[in-house]
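**Q** Sending over a structure as structure tokens; questions will come in a sec.
The values are calculated or read from the model by the stated rules, or taken from the named source; none is laboratory data. Quick caveat: nothing in here was measured; it's all calculated off a predicted structure. Glycine also receives a Cβ, built like all others from the backbone with ideal geometry; neighbour counts cover every protein chain displayed.
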Amino acid sequence: MYYSDYDKALYYTLWGQWDDLLILMVRTQDQFLSKKIEVFLHAFHYRSTEQQLLESHESLLSYIDHAMDTTAPAMMV
């Protein structure tokens with residue numbers, strides 16, 4: 001997996017760039033990251049409760065943090 005996908009996901013999530021986050025969801029090879037992004041964007045767009053939105057946001061950020069800790073950065077060529 002590319003370490004930059006996690007950097008991008010964190011950046012897009014923190015700065016509210018939902019269109020870019022959606023594109024990353026489609027292009028990433030990490031299926032867990034893709035699913036976390038999908039759940040968050042769905043909760044954001046169709047939120048029925050604020051609690052669901054906050055839980056999906058926290059879940060996405062938690063996964064990104066975990067993935068960045070356990071994945072070695074991509075080598076620069």
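**Q** When you scan region 61-76, how many residues do you find that are without any contact (Cβ under 8 Å) to a residue 24 or more places away in the chain and hydroxyl-bearing (Ser, Thr, Tyr)?
**A** 2
**Q** Would you be able to tell me the number of residues in region 37-60 that are more than 18 Å from residue 9 (Cβ to Cβ) and charged (D, E, K, R)?
**A** 2
**Q** Something else now. Keeping to region 1-43, report how many residues are part of a helix (DSSP H, G or I), among the aromatic types (Phe, Trp, Tyr), in contact (Cβ under 8 Å) with a residue 40 or more places away in the chain and more than 13 Å from residue 61 (Cα to Cα).
**A** 1
**Q** Continuing with this model, one more query. Looking only at region 46-60, filter to residues that are touching a residue at least 12 places away in the same chain (Cβ under 8 Å) and among the polar types (S, T, N, Q); which one of those is farthest from residue 18 (Cα to Cα)?
**A** 59
**Q** Restricting to region 21-41, what's the tally of residues that are loosely packed, with under 15 Cβ neighbours inside 10 Å, modelled with pLDDT of 95 or more and not aliphatic (A, V, I, L, M)?
**A** 4
**Q** Filter region 1-20 down to residues that are polar (S, T, N, Q) and out of contact with any Leu (no Cβ under 9 Å at 6 or more places or on another chain) and give me whichever is surrounded by the fewest Cβ atoms within 10 Å (Cβ to Cβ).
**A** Checking each candidate, the answer is 4.
**Q** Which of the residues spanning region 1-21 are of a type outside the set (Asp, Glu), more than 21 Å from residue 70 (Cβ to Cβ) and touching a helix residue (DSSP H, G or I) at 6+ places or on another chain (Cβ under 6 Å)?
**A** Within region 1-21, just 21 meets the criteria.
**Q** Residues that are surrounded by fewer than 16 Cβ atoms within 10 Å (Cβ to Cβ), assigned to a loop (DSSP other than H, G, I, E, B) and at pLDDT below 95: does region 50-67 have at least one?
**A** no
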